[in-house]
Ligand code: GLN
């Protein structure tokens, strides 16, 4: 049974490879696919519009946050600006809740999503991802006086049945819910879903939640702004990679984004993280 599945999967993956070759050819013959139907280049359409639209949730410092002047700033914004500059167009940012971003992108409400978004199997069914530019983890934030400690298995066991605050639709949300894909072994937690990690942290401070599960850097930013009240446990729950999401099949746009990401990945991204952690 298992073997049969593995074979089917291998065949499916091979089909994917063949399809990928096909779409490369399509791009070379700009405008018409092998079967004669007309295709539009995502990059041409963006240049024609004169703007590229980024979908994000500006409550995820240092990757995106609202500055004092009300503008959206952060690591993702700087990388996105470099993509816009490369294409010679304006960058337009749409700030929305995190949860519906993938669906909105799929529906064409933006050209790409840059939101500290983790590459997951679930999301790959809906959209494509660029190359990754940041590695991250889910971590546990607790009140400063908490005695909670131990390895991942011990933390998962301790959090089972507890009140865990998360940001809706994030990998932290899925981890708290004990979803298998995340590697979580948490059972029957009462998952309290909030629109932002900042809001989730408030419920931890006021005692309604026992823990918050969120991404490493936003956790650090939140702990720093709530001086002395919260702390992050050393144990990391997951290993994740952030990438920009784009609509399926827009390989020309993906290539431009990947060129920019290749320039930024490593030192430049690290510098941006330091710069925006301080902001
Ligand atoms: N990295 C997490 C995810 O992709 C959280 C992202 C976010 O809240 N902006 O689900």
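Where the alpha-carbon atoms of segment 39-121 are placed on the principal axes, they occupy 37, 31, 18 Å, in descending order. Here the relative contact order of segment 186-279, from alpha carbon pairs under 8 Å that lie six or more residues apart, stands at 15 percent.
For segment 114-158, taking Cα atoms only, Rg and Dmax work out to 15.5, 42 Å respectively. Taking the C-alpha atoms only, the angle from helix 216-225 to the longest principal axis of the chain is near 50 degrees. For the chain, the longest principal axis of the C-alpha atoms and the axis of helix 2-28 are separated by about 50°.
Entry note, segment 39-125: relative contact order of 37 percent, from Cα contacts under 8 Å with a spacing of 6+ residues. Antiparallel beta bridges, as assigned by DSSP with both residues in the chain, represent about 55 percent of the total such bridges.
Normalising the Debye intensity of the chain to I(0), with uniform scatterers on Cα atoms only, and taking log10 at q = 0.09, 0.11, 0.12 Å⁻¹ returns -0.47, -0.69, -0.80. Computed on the Cα trace of segment 138-209, the radius of gyration divided by the Kirkwood hydrodynamic radius gives Rg/Rh = 0.93.
Here the convex hull built on the C-alpha positions of segment 236-279 has a volume of 120 cubic angstrom per residue. Taking all Cα pairs closer than 8 Å and separated by 6 or more residues, the relative contact order of the chain comes to 24 percent.
Helix 75-87 and the longest principal axis of the C-alpha atoms of the chain enclose an angle of approximately 10°. Pairwise inverse Cα distances across segment 79-199, averaged and inverted, put the Kirkwood hydrodynamic radius at 16.5 Å. Eigen-decomposition of the gyration tensor built on the alpha-carbon atoms of segment 164-242 gives equivalent ellipsoid semi-axes of 19, 14, 11 angstrom, largest listed first.
Only the coordinates and a few stated rules stand behind these numbers; no lab work does. Remember, it's a predicted structure, so these values are computed and weren't measured experimentally.
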